[in-house]
Amino acid sequence: MHRITVASENPVKLKAALTAFQQMFPAQHFEAAGVSVPSGVPDQPLSLRETMTGARNRAENARAARPAADFWIGIEGGIEDTALGMTCFARVHVLGSAGLVGLGQTAVFYLPREVAELVRAGLELGHADDRVFGRDNSKQANGAIGLLTDDVVDREAYYRHAVIMALVPFKNRALNW
């Protein structure tokens, strides 16, 4: 049984990580546990660089907190203002016990102006979504992507695909990474 430590206690991130491993390695068995660790970046990362740093720091801090695991995963959601509007995305950083590292990123989408204005005013994206859409704790459910797509893509699927991308080096160990 391979042990995965996810640098979050959010059930959406735990499910995304476990499902990604099960899909990529169907002949193996995994268990996932979460641990709350700091990201070292603001609660709402405001750039790709901050988001990447947060994901890496979370994975490294998860490894420090739970060194007996086989894999450590940091999933960090971020936003970035562009000339066309505010974009939303997440980065994934996977550390393996053998020293291998994998990186992944979700698709990028634009946030509606109402949400973007609240984030610019200092709200974390999840809180801004809750306010605009009249929800409570949407970041532990379908998140912005689920709210905006009527759950055609929910937050778990959104993260799962990024974790799968981060597992590519682990799936293809014979290649040089």
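The values are calculated or read from the model by the stated rules, or taken from the named source; none is laboratory data. Remember, predicted model here, so these are calculated numbers, not experimental data. The accessibility values were calculated without ligands, DNA or RNA, using every heavy atom of the protein model including side chains. Shrake-Rupley method; radii C 1.70, N 1.55, O 1.52, S 1.80 Å.
Using amide H atoms built in the peptide plane, which far-off residues or other-chain residues are under 5 Å from Q44 H to H?
none
Per residue, how much accessible area does the range 52-135 show when a 1.4 Å probe rolls over the protein heavy atoms, in square angstrom?
Values: 3870 Å² over 84 residues.
On a per-residue basis, 46 Å².
Using the Karplus equation 6.51 cos²θ - 1.76 cosθ + 1.60 (θ = phi - 60°), what ³J(HN,Hα) coupling, rounded to whole Hz, does each residue of the range 166-177 give in order, writing x for Gly and Pro?
Values, residue by residue: 5, 8, 3, x, 6, 6, 10, 4, 5, 8, 7, 10 Hz.
Using Cα atoms only, what is the angle between the long axis of helix 48-65 and the major principal axis of the chain, expressed in degrees (0 to 90) to the nearest 10?
Between helix and principal axis, roughly 40 degrees.
Classify the chain as rounded, prolate or oblate, taking a ≥ b ≥ c as the square roots of the eigenvalues of its Cα gyration tensor: rounded when a/c is under 1.5, otherwise prolate if a/b is larger than b/c and oblate if not.
Judged from the Cα gyration tensor, the chain comes out prolate (a/c at least 1.5, a/b above b/c).
Taking square-rooted eigenvalues a ≥ b ≥ c of the alpha carbon gyration tensor, is the range 16-79 rounded, prolate or oblate, where a/c under 1.5 means rounded and, failing that, a/b exceeding b/c means prolate?
Verdict is oblate for the range 16-79.
Hey, can you grab everything whose amide H is under 5 Å from the amide H of F30? Only 5+ residues off in sequence or another chain; H modelled, so Pro and N-termini drop out.
The answer is H2.
What residues have an amide H closer than 5 Å to that of A90, excluding those fewer than 5 places away on the same chain, when H is modeled at 1.01 Å from N in the peptide plane?
Correct list: G78, T106.
Given a 1.4 Å probe and heavy atoms of the protein chains only, how would you sort K13, K139, K171, largest accessible area at the top?
Output order, biggest surface exposure first: K171, K139, K13.
Just to make sure I understand: if all protein chains stay in place, what is the order of H2, H161, H29 by accessible area at 1.4 Å, largest first? Present the calculation step by step, with values, prior to reporting the outcome.
Details: H2 65, H161 100, H29 125 Å².
Descending accessible area places them as H29, H161, H2.
Can you list the aspartates and glutamates whose alpha carbon sits under 18 Å from that of K15, skipping same-chain ones fewer than 8 residues off?
Straight-line reach from K15, under 18 Å: E31, D70, E76, D151, D154, E156.
For the chain, what is the calculated [θ] at 222 nm in deg cm²/dmol (nearest 500), taking -39500 (n - 2.57) for each run of four or more DSSP H residues and dividing by its residue count? Numbers along the way, then the final one.
Working: 7 runs with 72 residues, N = 177.
After summing the helix terms and dividing by residue count, I get -12000 deg cm²/dmol.
Could you work out how far helix 11-24 tilts from the main Cα principal axis of the chain, as a 0 to 90 degree angle to the nearest 10?
50
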